[in-house]
Amino acid sequence: MLGRETEPASFSGELLEQIESEIERLKSLTTGLLGFSRNNKAELTRVDCNEVIRQVLTLIKYEARRAGHSIEEQLGEIEPVLADANQVKQVCINLITNAIQAMKQPGTIVIRTCVHAGKAVHIHIGDTGPGIDQEQKEKIFTPFFTTKPEGEGTGLGLYLCRKIAQEHNGDILVDSTPGQGSTFTFVIPMTTFPFPG
Ligand SMILES: Nc1ncnc2c1ncn2[C@@H]1O[C@H](COP(=O)(O)OP(=O)(O)OP(=O)(O)O)[C@@H](O)[C@H]1O
Ligand SMILES: [Mg+2]
């Protein structure tokens, strides 16, 4: 509210802008830490992953466009999965945010869903960023591993993504060619529903 009443170009305006961006940073840090230490049980329901992706994209599209990236949606015909919708959402947000942050030049993010071998839903998030070399492919999943400047990344994103995926009996896979881009795959097994309808 103070920001709205203050001349943006003034000294106080600049300070207010900094306060706002620092609050955002603290928010993402605490969210990450809460997720890191969380022990709350997953709330399992019938989840349409395509619907989750559509919701995530309305949140994140603006940020991607501002950075000059285009988003290609290739949402296939998939079955619902038994999952915690908020956690699936968090994984998708983390993976897409990583893709946006990885591409220093305007690029393309491809989001594809499909059923794999009749057993699992696969959500692929591809980017045209710098890629990840062999040596870093496993390290990126360890807590607090980040290549981002201090204050920008906490290195918890992928650790949490994998933890959530594994709690759904799935996983996060990475396929990358340095210099060409990376594709992360969120694997969610399709289970027989324990309840009708
Ligand atoms: N799409 C990608 N392309 C290239 N490198 C990536 C990509 N996604 C992740 N990485 C690498 O993996 C590291 C760890 O990612 P992770 O999401 O765990 O943490 P972060 O993005 O650095 O910080 P945080 O997610 O906590 O804000 C990143 O710092 C980056 O080096
Ligand atoms: Mg991240």
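The values are calculated or read from the model by the stated rules, or taken from the named source; none is laboratory data. Keep in mind it's a predicted model, so treat the numbers as computed, not measured. Positions of Cβ are generated from backbone atoms using ideal geometry, with glycine treated the same way; all protein chains shown enter the neighbour counts. Only protein heavy atoms, including side chains, enter the accessible area calculation; ligands, DNA and RNA are left aside. Shrake-Rupley method; radii C 1.70, N 1.55, O 1.52, S 1.80 Å.
Take every DSSP beta bridge whose two residues both sit in segment 1-145, then give the antiparallel share in percent to the nearest 5.
Of all bridge pairs located within segment 1-145, approximately 60 percent are antiparallel.
Per residue, how much accessible surface does the chain expose to a 1.4 Å probe? Answer in Å², no decimals.
Each residue of the chain exposes 61 Å² on average to a 1.4 Å probe.
What are the ³J(HN,Hα) couplings of segment 4-17, residue after residue, when phi is run through the Karplus curve with 6.51, -1.76, 1.60 and θ = phi - 60°? Round to Hz, x for glycine and proline.
Once θ is set to phi - 60°, the couplings for segment 4-17 become 5, 9, 10, 4, x, 7, 6, 4, 5, x, 5, 5, 4, 4 Hz.
Just want to confirm a number: the relative contact order over segment 1-123, from Cα pairs under 8 angstrom separated by 6+ residues, in percent.
So the answer I get is 25 percent.
Going by Cα centres, segment 140-182 and segment 37-83 are how many Å apart?
17
Given a Förster distance of 25 Å, report the FRET efficiency between GLU138 and ASN86 from their Cβ-Cβ distance, rounded to the nearest 0.05.
0.35
Among 158-169, 127-138, how do they line up by average Cβ neighbours within 10 Å per residue, starting with the highest?
Ranked from most to least packed, the peptides come out as 158-169, 127-138.
What distance in nm separates the two pseudo spin-label positions at THR31 and ALA9, each 7 Å out from Cα along the beta-carbon direction?
3.4
Can you tell me the orientation of helix 157-167 relative to the chain, as the angle in degrees between its alpha-carbon axis and the longest Cα principal axis, to the nearest 10?
The answer is roughly 20 degrees.
Could you tell me what percent of the accessible area of the chain is made up of carbon and sulfur, with a 1.4 Å probe and every protein chain present?
Whole-percent figure for carbon plus sulfur exposure: 53.
So who's got an amide H within less than 5 Å of the one on GLY129, skipping anything under 5 residues away but keeping other chains? H placed 1.01 Å off N, in plane.
Result for GLY129 returns SER182.
Using the Cβ atoms and a cut-off under 10 Å, what net charge is assigned to the surroundings of HIS124, where Lys and Arg are +1 and Asp and Glu are -1?
0
What distance in nm separates the two pseudo spin-label positions at THR177 and GLU63, each 7 Å out from Cα along the beta-carbon direction?
2.8
For LYS89, go through the lysines and keep the ones whose alpha-carbon is under 24 Å away, minus same-chain ones fewer than eight residues off.
Hits, sequence-local ones excluded: LYS27, LYS41, LYS61, LYS119, LYS137, LYS139, LYS148, LYS163.
Pop a pseudo-label 7 angstrom from the Cα along the beta-carbon direction at both CYS114 and GLN101 and give the gap in nm to one decimal.
2.9
Once the piece of chain linking ILE23 and LYS148 is laid out straight, how much longer is it, given 0.36 nm per residue of separation minus the C-alpha distance between them?
Gain on stretching ILE23 to LYS148: 43.1 nm.
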